[in-house]
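The values are calculated or read from the model by the stated rules, or taken from the named source; none is laboratory data. Because the structure is predicted, anything quoted here is derived from the model rather than measured. Cβ atoms come from the backbone with ideal geometry, glycine included; neighbour counts cover every protein chain shown.
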Amino acid sequence: MGLLEKINYPPDLKKLPRSDLPQLAKEIRQQIVDIVSKTGGHLASNLGVVELTIAIHYVFDTPSDKLIWDVGHQSYTHKLLTGRREKFHTLRQFGGISGFPKISESQYDAFSTGHSSTSISAGLGMSCAKGIKKENSKVLAVIGDGSMTAGLAYEALNQAGGIHKDLIVILNDNEMSISPNVGALSSLLSRTFSAKYIQEKRKGIGELLRSLPRIGDDAYQFAKRFEESVKAFVTPGMLFEAFNFEYFGPIKGHRMDQLIDILENIKTLDEPVLLHITTSKGRGYEPAETNPVYFHGVGCFDAKTGNNIKTSSVPSYTAVFGKAMVELAEKNSDIVAVTAAMPEGTGLVEFSKKFPDRFYDVGIAEAHGVTFAAGMATEGLKPVVAIYSTFLQRAYDQIIHDVCLEALPVVFAIDRGGIVGEDGPTHHGLFDLTYLRSMPNMVVMAPMDENELRRMLLTAINHSGPIAFRYPRGRATGAASEKTDVPVPMGKAKVLTRGDDVLILAIGHGVLESIEAAKILEREKGIFATVVNSRFAKPVDAELFSELVSKIPRVVTVEENVLHGGFGSAVLEALAENNVSDFCIRRIGIRDTFVTHGSKNELRAHYRVDARAVAAAAEELCRQSQST
């Protein structure tokens, strides 16, 4: 029996001698590689924090001590050590455990995290609450993977230092963060300065110097400036010291004994502390060490070679967008691209290489990115902001205030619209049609396939105001290439099939499900449907919809978005404004709930937004109309 098999919860871990912990780390890495190769997931970042996670649970007393994983995609080792080892094979699978910390999943998950840079804010809130309740347990926030590029982290640091709350922030610097390791001297200083007796000596010497007649305060200030100068010379800690945090680091994050020693030392401190560690993404698995970007979020792969198992000649929607951007930018020098720490994820790598002066990665700072783009738009450029749907939510106010208010021509290319799959509720893009449709001056589109995606990008570039188009995660449809240099007519839908029994109005991926539903209805029920590719959630083609509904008063709307305020709501509003009445309608979309994790097809079936659900709704309408 291996060491990992003996551990169900952190108290089991604490029974191991330190000498066994490196072997445990090795077993954990093997387990993570084996499982993620089958389920997909965030591999490189998790392999980088194995020692850190073991050390934290070895030193601290979770769940009494609260541990928050920023972003959350670094929590696989944490899950293995906190009661979920036997369920780990269900990682990210429908009905299995989440790939992110989730309060409802385990008492050891102190905070549910999926979007970055929230850990320090949440941790500070917990620390303040513990103070009110007179509790002495500790709060730790582990932040990394570029999360320190977001303003929210600094807002939290600012408050924590200002009120001098007991909080431990661990900055996991894996070369996507702040600074490189500056060597053994820094490590030595960190371990030495962190020792409890040294902290007491520093305070004692400070009090002694201040007590000296006439020269006391000057001597104290000189000594403190000298200490800060030395630390600034050998560490990057002055930034955090400016926030009134005690800074230690950087230290190597893969040296178990060193990690445990420093965590034991800082555990005794009753003030804001920042521990800066450096780790290697993909540690212990050569393919991930060689290509950490690819193995950041990866699908199924061969664990022995690291090679992707699933291959397809059909490009992803992301790749289609990226290629179209390059083609249009070659013809239009005003086009610039903006993304938020996701050049690979949004398909803009080739654009960044061909047009480096017209490409901007703003870091994990979506709100800044939107206002930054608005600034460029005022100077006559055509900024295309490429951000995942779920992350664009973080810039809601900036879209309204800085873009829509003055109708600035900013294009929003919204990747991962709709159900995204195994990453779960924090990553599904199910709200964009709703929140964007409510904004004055905004146009909102969604293509049915890759050809329409290219055309919509051209439509957006030619538009003189704010405009957004959202498209799904994953492979495109494989549709035969069509002429795509003609923009989509503004606000115009397109009838795809004709039938007198039921009218299906769909948008985006819902169009594909509706086409399949029409085939099911005809083949199995003898019901003939008119299917409309609506294209626009705003403005909808009210004239066409009104005309069709007056002839076919049995209507099904289909969208991969929440129903509240979404495309179906837009259809109802348009029909009401055009005084169209006496019709029956069923809206297919996500009800008032958050969607869990699982494969896209499983989730579409479970939440009844797939072709079978569309066909069932249409059949029900037809049956009801026959009985009345």
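Some observations on this one:
- Test: residue in the stretch 474-493 that is touching a residue at least 40 places away in the same chain (Cβ under 8 Å), surrounded by fewer than 18 Cβ atoms within 10 Å (Cβ to Cβ) and part of a strand (DSSP E or B): yes
- Restricted to the stretch 508-524, and to residues there that are touching a Gly at 6+ places or on another chain (Cβ under 9 Å) and buried (at least 17 other Cβ atoms within 10 Å of the Cβ), the residue that is farthest from Glu450 (Cα to Cα) is Leu521.
- Any hit, the stretch 605-621, residues being among the aliphatic types (A, V, I, L, M), more than 24 Å from Pro539 (Cα to Cα), in contact with an Asp or Glu (Cβ under 6 Å, 6 or more places away or on another chain) and in contact (Cβ under 8 Å) with a residue 24 or more places away in the chain: yes
- Among the helices (runs of 4 or more DSSP H) confined to the stretch 324-410, the ones with at least 1 residues that are among the acidic types (Asp, Glu), surrounded by fewer than 23 Cβ atoms within 10 Å (Cβ to Cβ) and touching a helix residue (DSSP H, G or I) at 6+ places or on another chain (Cβ under 8 Å) are located at 349-354.
- From the list Leu269, Leu263, the one residue that fits, being modelled with pLDDT of 85 or more, crowded, with 19+ Cβ neighbours inside 10 Å and aliphatic (A, V, I, L, M), is Leu263.
- Hits in the stretch 83-122 - residues which are among the hydroxyl-bearing types (Ser, Thr, Tyr) and in contact with a Pro (Cβ under 7 Å, 6 or more places away or on another chain): Tyr108, Ser112, Thr113
- Test: Phe233 is modelled with pLDDT under 90 and under 21 Å from Gly144 (Cα atoms): no
- Of the set (1) crowded, with 23+ Cβ neighbours inside 10 Å; (2) over 21 Å from the mean Cα position of the chain (by Cα), all apply to Pro440 but (1).
- Residue check for Thr426: of a type in the set (S, T, N, Q), assigned to a loop (DSSP other than H, G, I, E, B) and touching a residue at least 40 places away in the same chain (Cβ under 8 Å): yes
- Test result for Asp65, of a type in the set (D, E, K, R), within 22 Å of Ala156 (Cα to Cα) and touching a residue at least 60 places away in the same chain (Cβ under 8 Å): yes
- Listed here are the helices (runs of 4 or more DSSP H) enclosed by the stretch 1-47 that have at least 3 residues being of a type in the set (A, V, I, L, M): 21-39.
Every residue, every condition in (1) buried (at least 23 other Cβ atoms within 10 Å of the Cβ); (2) of a type in the set (Lys, Arg); (3) modelled with pLDDT of 95 or more; (4) assigned to a helix (DSSP H, G or I), yes or no:
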| position | (1), (2), (3), (4) |
| --- | --- |
| Thr113 | yes, no, no, no |
| Ala122 | no, no, yes, yes |
| Val142 | yes, no, yes, no |
| Ala153 | yes, no, no, yes |
| Asn158 | no, no, no, yes |
| Ile170 | yes, no, yes, no |
| Ile178 | no, no, no, no |
| Asn181 | no, no, no, no |
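- Members of the stretch 321-357 that are at pLDDT 95 or above, out of contact with any Asp or Glu (no Cβ under 9 Å at 6 or more places or on another chain) and not hydrophobic (A, V, I, L, M, F, W, C): Glu327, Glu330, Lys331, Asn332, Ser333, Asp334, Glu350, Lys353, Pro356, Asp357
- Only residues that are of a type in the set (Lys, Arg) and under 15 Å from the mean Cα position of the chain (by Cα) were counted across the stretch 93-139, and they come to 1.
- Residues in the stretch 66-94 that are among the polar types (S, T, N, Q) and part of a loop (DSSP other than H, G, I, E, B) were compared, and the one that is surrounded by the most Cβ atoms within 10 Å (Cβ to Cβ) is Gln74.
- Extreme residue, surrounded by the fewest Cβ atoms within 10 Å (Cβ to Cβ), among residues of the stretch 28-47 that are touching a Gly at 6+ places or on another chain (Cβ under 7 Å) and not aliphatic (A, V, I, L, M): Arg29
- Selection of the stretch 48-62 for residues being in a helix (DSSP H, G or I), free of Cβ contacts under 8 Å to residues at least 60 places away in the same chain and β-branched (Val, Ile, Thr) yields only Thr53.
- Filter pass, Leu457 being in a helix (DSSP H, G or I), closer than 24 Å to Val595 by Cβ, more than 22 Å from the chain's Cα centre (by Cα) and at pLDDT 95 or above: no
- Taking the stretch 547-601 as the range and being at pLDDT below 95 and not acidic (Asp, Glu) as the test, only Ser581 passes.
- In the set (1) over 20 Å from Val488 (Cβ atoms); (2) touching a Phe, Trp or Tyr at 6+ places or on another chain (Cβ under 9 Å), Leu563 fails one condition alone, (2).
Condition check ((1) more than 25 Å from Thr593 (Cβ to Cβ); (2) in contact with a Lys or Arg (Cβ under 7 Å, 6 or more places away or on another chain)) across all residues:
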site: Glu379; (1), (2): yes, no
site: Glu406; (1), (2): yes, no
site: Ala413; (1), (2): yes, no
site: Glu422; (1), (2): no, yes
site: Thr426; (1), (2): no, no
site: Gly429; (1), (2): no, yes
site: Asp432; (1), (2): no, yes
site: Asn441; (1), (2): yes, no
site: Met445; (1), (2): yes, yes
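- Some residue of the stretch 300-308 being crowded, with 18+ Cβ neighbours inside 10 Å and closer than 27 Å to Leu91 by Cα: yes
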